[in-house]
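Asker: Quick one: the structure is below, questions incoming.
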C-alpha cells in the first residue's frame, strides 16, 4: 500500500472523529465521555462486534468483501473471537481480465476464521494489530464466449492474515476502524481475490 493511502486513511479517521464526537449527557458516566481520551470499554470481560468491508471497481473488474466479527476481551485491550469473510468479484468488459464477455469470469469466497486483536494504546485514537487464521471455501467460474464451455475450479485453501489498523472512538460504545491486511499464508495462484482485499473500513461496537 502506498504511503499516500495510509495518510489518506488517517485523515478520514480524524475528520470522522471531529464530525461525530459529542459529549455524553449522563453525569454519572461523565468519566466515560468521548472527550475523555481513554478506551474505558476495552477492559477484560467486554464484548466487541465489528463489521468491515472493501470494494473495488476498475475498467476490467469489480468486486466487494464484507467481514463481520464477534470478540471477547480476555485481557485489557486484547480481543479474541471469530469472523466470517464473504467476497465476490466479476469481469466487466469484453476481452478484459481473460474474459470474452461481461461477467465471463466470476469468483466467490466464504472464509470463516478465528482472530486475535490487540489495541496498542488505551486512547480514543489507537493503532491495533490483528492476526487471523481460517479456511477459505472459494470457487472460480469462467465461460468461453466462443465454445460456450464453462469452467469451475474450487479455490479451497487454509489462509492466515496479519493486519495493521487504526481505531477511533466516536461514541461511548462505538468506534470507526480501518485496517490493511497482510497475507501470511495465502495461495497466490488460487486465492488472488481475497489476497487483494487488503484495505478495509468498518464500524465497531463495545459492550461491557
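Asker: Could you check residue 95 against (1) on the phi < 0 side of the Ramachandran plot; (2) at pLDDT 50 or above and say which number it fails?
Answerer: Condition (1) is where residue 95 drops out.
Asker: Moving to a separate point now. If you take the residues in the stretch 132-184 that are assigned to a loop (DSSP other than H, G, I, E, B) and touching a residue at least 40 places away in the same chain (Cβ under 8 Å), which one is farthest from the chain's Cα centre (by Cα)? Full working, then the answer.
Answerer: Taking the stretch 132-184 and keeping what is assigned to a loop (DSSP other than H, G, I, E, B), we get 144-149, 155-156, 172-173.
Checking the rest, the ones that are also touching a residue at least 40 places away in the same chain (Cβ under 8 Å) come to 144-146, 155, 172-173.
Working: 144: 33, 145: 35, 146: 38, 155: 20, 172: 22, 173: 19 Å.
It comes out as 146.
Asker: Go through (1) farther than 22 Å from residue 184 by Cβ; (2) surrounded by 14 or more Cβ atoms within 10 Å (Cβ to Cβ); (3) modelled with pLDDT of 85 or more one by one and return the number of the condition residue 133 breaks.
Answerer: It is condition (1) that residue 133 fails.
The values are calculated or read from the model by the stated rules, or taken from the named source; none is laboratory data. Quantities reported herein were computed from a predicted structural model and do not represent experimental measurements. Don't worry about glycine lacking a Cβ; one is built from the backbone with ideal geometry, like all the others, and counts go over all protein chains shown.
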